[in-house]
1. Tell me the angle of helix B:17-28 to the major Cα principal axis of chain B, expressed in degrees between 0 and 90 and rounded to the nearest ten.
2. I want the local charge near residue A:183. Using Cβ-Cβ distances under 14 Å, sum +1 for each Lys or Arg and -1 for each Asp or Glu among the other residues.
3. Under the definition of partner shielding as Cβ atoms of other protein chains within 10 Å of a residue Cβ, what is the mean value for peptide A:24-34?
4. With every protein chain kept in the model, how would you rank B:39, A:173 by accessible area, 1.4 Å probe, largest at the top?
5. How many Cβ atoms of partner chains, on average, are near each residue of B:71-78 if near means within 10 Å of its Cβ?
6. Give the relative contact order (percent, whole number) for region B:41-140; include only Cα pairs under 8 Å separated by 6+ residues.
7. In nm, to one decimal, how far is the residue C:164 label point from the residue B:179 one, both placed 7 Å along Cα→Cβ?
8. Please report the antiparallel percentage of the DSSP beta bridges confined to region C:119-271, to the nearest 5.
Amino acid sequence: LPRIITLLTDFGVESTYPAQMKGVIMGRCPEAAIVDLSHGVPKHDVHTAAFMLSSAAQAFPAGTIHVAVVDPQVGSQRRALAAECGGSFYVAPDNGLLTLVAYGQSLFGLECPPARIVSIENRTFFRADVSGTFHGRDIFAPVAAALACGTPVDELGPPVDEIERFDLPLPTHAGDLVSAHVVNVDSFGNLTTNVAARMLAGADPAGIQVHVGGAVVRGLSRAYSDVPAGVLLAYIGSAGLLEVAVNRQSAAVRLGAAVGTPVYLRMPAQP
Amino acid sequence: LPRIITLLTDFGVESTYPAQMKGVIMGRCPEAAIVDLSHGVPKHDVHTAAFMLSSAAQAFPAGTIHVAVVDPQVGSQRRALAAECGGSFYVAPDNGLLTLVAYGQSLFGLECPPARIVSIENRTFFRADVSGTFHGRDIFAPVAAALACGTPVDELGPPVDEIERFDLPLPTHAGDLVSAHVVNVDSFGNLTTNVAARMLAGADPAGIQVHVGGAVVRGLSRAYSDVPAGVLLAYIGSAGLLEVAVNRQSAAVRLGAAVGTPVYLRMPAQP
Amino acid sequence: LPRIITLLTDFGVESTYPAQMKGVIMGRCPEAAIVDLSHGVPKHDVHTAAFMLSSAAQAFPAGTIHVAVVDPQVGSQRRALAAECGGSFYVAPDNGLLTLVAYGQSLFGLECPPARIVSIENRTFFRADVSGTFHGRDIFAPVAAALACGTPVDELGPPVDEIERFDLPLPTHAGDLVSAHVVNVDSFGNLTTNVAARMLAGADPAGIQVHVGGAVVRGLSRAYSDVPAGVLLAYIGSAGLLEVAVNRQSAAVRLGAAVGTPVYLRMPAQP
């Protein structure tokens, strides 16, 4: 079966840079199937990119090669990484982008353990001329093409033990109070929090209270239309994380919320 | 030949949601060719989505599977539909999205009659875990993959007789006066009306008057450059419908027009 | 190997027009691999499209068919062109879009000589019904499909000697002063100039001064992070042209610069 390569960048949806990466891949591994994860990562926002990567990669079959390029340090001494995890591959600069993939198991279910990561150093797989500003095209794309056409990860460079990472966005508990925050806002204005579904196990769904932006949502819904249009709801979203939305409107606008906005939960135990 | 699957959603061009649908499809029917119709449908705007679907689907070969997900009622009791029409397939929530495909023959030439539509109920084809908020990924994508890899429509669920529909946007006639309206505004600001080319048969092209936004256009042009830059023109557009544009500028801005803006035609008979 | 077809248009990233071109191509040459170069060309901006085409096409393998549709004169007597250059193909309206491909060798390295260009006139390869407003779908797409599936360029129409072109954006020299300008602004706000890397051969990199928007940058950097965040730098960009950027910020915003903004260089000879 042909290998899938996904691309996630902050290049912008109108840029030709993603196409240039595709041209390089297609010239080296024409049988790879290339899919855009998104090119709308906020510029230089490694945290958001890490979230988008972890949540979207779950929908792809094993063997997929996920290339993520949010790379303000391009051309510096920062390393380039390739990781093999659960049969899939991740290629990215060593700037924290792989934090959730490698260490976020408590948030997402399918990530790899932080093992079998190499520093991409074998220039055999690079383009002949490597620019100082576009390693997406000159290093990450051809390396992904090599992986897609059968090169083992080990040939890309030496194994590494530690990678750059940011503090995991995990909620803190104090009795029945959970302090969390918004980790993503989607295009509908729905707010994704760092509260995993499994953290709610044992709680009474009807008794959960979610406090965010001065509002309180009581109980968990299952679908937007469980509440009237314009009304707030909380639910387990499609990434397996607690979300807050307004049916047919934007919760981000309604609550003035953004990435980082605090979210507090009260979770009475199942009666 | 591999089957084509098109995707039309209101998820936004920067979202990873379309990619998640693709990941599911590629995991289940790798030989399908996936094409984005658009992910820029205005949020929850079923009418605009229905127009975009009907006008764009015409360019695809028979056998294509068109998946349209504008689905504010996701997770509720609203049905999911699969329709086979003229050898092509349409997969969408039952919320009016298929109105023009099923009933819009008087506007577009290639739609199917409202027959051979099923309610998607056979969970064999769903993802193992169906979320309450993302049936695009969990139901519509895997069902489209099943169709692309040979599952007959009949296996998806029982046939349905009536589907949700909105009133067809048809113009009304009174003598030589036609009352119509704008049904779409494209990215150039060109205005598409609900007047089909065939409704103008028998009229004198040079004598047609189009009234919109306080302006009058006399006669039909064939190309934008038939008039000087900055001048209004009317013509039969690429979807087979009457359009109004300004050469090299935006008619929507010039006329303050939007979807729903009234358009009046006077059509003297061929002399 | 399957042929690659790239699409560059000003249709907008939310439009269904690019999908309609793809539907036509897939119906006629299903084995072609279609890639979006960009659909975000500013409306009717042939100069920017020509730059995007020339810079992005370099990343694709020989044999690729590049289709560029920025076409305000669609439906008029303007010709449609197909060019074969260095084993690759370019399909576009005759409005200057191919200026850099055909004549820009002094800026980019890989363009073709201005030879083997035909006027697309053989209606055998057109769609049955050619609209007056969407030749991207009705002429350029099916012609690209024909090329991808083996039709020789010569069968498309008669050879042409002269094509529409704009003045090449070449810098002028006066002693050690070079007068140049900005030819593109990318989504990061980085400024690409019309100064090719080879024009700097013989100059002392540390001694080069770049004047733009009231600021002066001294010396060439190799990577954004060679300077602190918020600081201006100049470097040879990924298209082989001199660029000016601000590390982690937008040079366009900082300097109030846009396409056309003058850039002056002082280039002392290598000591």
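1. Tilt relative to chain B: about 50 degrees.
2. Numbers: positive: none; negative: A:45, A:167, A:186, A:243.
So the environment of residue A:183 carries a net charge of -4.
3. Details: counts 3, 2, 10, 7, 1, 0, 5, 3, 0, 7, 2.
Other-chain Cβ atoms within 10 Å of each residue's Cβ, averaged: 4.
4. If we order B:39, A:173 from most to least accessible, we get A:173, B:39.
5. 4
6. In percent, rounded to a whole number, it is 27.
7. 4.3
8. On the way: 29 of 30 bridges.
Bridges in region C:119-271 are about 95 percent antiparallel.
The values are calculated or read from the model by the stated rules, or taken from the named source; none is laboratory data. From a predicted model like this one, the values you see are computed outputs, not experimental measurements. All Cβ positions, even for glycine, are placed from backbone atoms using ideal geometry, and neighbour counts span all protein chains on display. Protein only, heavy atoms only, side chains kept; ligands, DNA and RNA dropped before computing areas. Shrake-Rupley method; radii C 1.70, N 1.55, O 1.52, S 1.80 Å.
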